[in-house]
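Below is one structure, written out as structure tokens; the observations come after it.
Values in this text are rule-based calculations from the coordinates and carry no lab data. As the structure is a prediction and not an experimental result, all values here were calculated from the model. Glycine gets a Cβ as well: all are built from the backbone with ideal geometry, and neighbour counts include every protein chain shown.
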Amino acid sequence: PERPSESRKTSWTAMLVEAPKEDAGDWVSVNTTVPNRLVRKALEVGALDEFGDWRLERPEVVFGGSRLDFLLTDAKGRKLYVEAKSVTLVENGVALFPDAVTARGTRHVEELIRAVEEGHEAAVLFVLQRSDASRIVAARTIDPRFSEALARADRAGVRIIGRRCRVTWRGIELGQPVPAGPGQ
């Protein structure tokens, strides 16, 4: 950046890394702000088939004690809360989330459960920022609490959706659906 924030520890932002050759040697986006920008743009133009006729009402909406990423509405005025999660960790062709303990992520999933209990719809959208995984699951060994919350969300009716990105050194775009769920 031209004028780095005084609170930053460095003047630069890591955007891409190249995965080791044994992991296909593909590019991996490591910037955690990218998925929300990609999802927002896709929602604005109606490019996510998973959400059919739902339209973006507004980003960064407060629900309960959290700020969730997106609020969508349909023609009947129903609400669908969406939380996007950045996924970068892959082991043996399976993408894992989270890659570190995430109390905030667990809280967001619990808020989505509450939204469903209150009669709304809700979804977790896992955005896989690389192309070398066949599915996305909760990383139970890294964060058992998140894993348990995601399993409860699945049982409660929260949609669990995965999307793979196409990543090159020139850019990144939201790609095709990939299976996602709580189980390993």
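Data table
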| read-out | value |
| --- | --- |
| Residue-by-residue Karplus 3J(HN,Hα) for the stretch 80-91, coefficients 6.51, -1.76, 1.60, Hz, glycine and proline x | 10, 8, 10, 10, 9, 10, 7, 10, 10, 7, 10, 10 |
| Those trypsin sites (Lys or Arg not before Pro) in the stretch 5-99 that DSSP places in a loop and that have at most 16 other beta carbons within 10 Å | ARG8, LYS9, LYS76, ARG78 |
| Charge dipole magnitude, Cβ of K and R +1, D and E -1 - the chain, Cα centre, debye nearest 20 | 260 |
| ³J(HN,Hα) computed for each position of the stretch 46-53 - Karplus, 6.51 cos²θ - 1.76 cosθ + 1.60, integer Hz, glycine/proline x | x, 8, 10, 4, 4, 10, x, 8 |
| Label zone at GLU60 (point 7 Å along Cα-to-Cβ), backbone N below 13 Å, the stretch 24-51 | 37 |
| Extension gain from VAL94 to VAL30, taking 0.36 nm per residue of separation minus the Cα-Cα distance | 21.3 nm |
| Pairwise FRET efficiency - LYS9 versus ALA47, Cβ, R0 = 41 Å, nearest 0.05 | 0.70 |
| Calculated [θ] (222 nm, deg cm²/dmol) that DSSP helices of n ≥ 4 give over the chain, each run adding -39,500 (n - 2.57) | -6500 deg cm²/dmol |
| Residue of ALA75, ALA115, ALA100 that the Gaussian network model of the chain assigns the largest fluctuation, springs spanning Cα pairs under 10 Å | ALA75 |
| For LEU89, residues with placed amide H under 5 Å, excluding near neighbours | LEU96 |
| In order through the stretch 167-183: 3J(HN,Hα) via Karplus (6.51 cos²θ - 1.76 cosθ + 1.60), integer Hz, x for Gly, Pro | 10, 10, 5, 8, x, 9, 9, 5, x, 7, x, 9, x, 9, x, x, x |
| Identified option (computed Cα extents along the principal axes in Å; candidates [x] 47, 43, 33; [y] 47, 40, 33; [z] 51, 35, 25) | [y] |
| Rg(Cα) / (2.2 N^0.38 Å) computed for the stretch 72-145, rounded to two decimals | 1.25 |
| GNM flexibility winner over the chain from LEU150, LEU96, LEU48 (Cα, springs under 10 Å) | LEU48 |
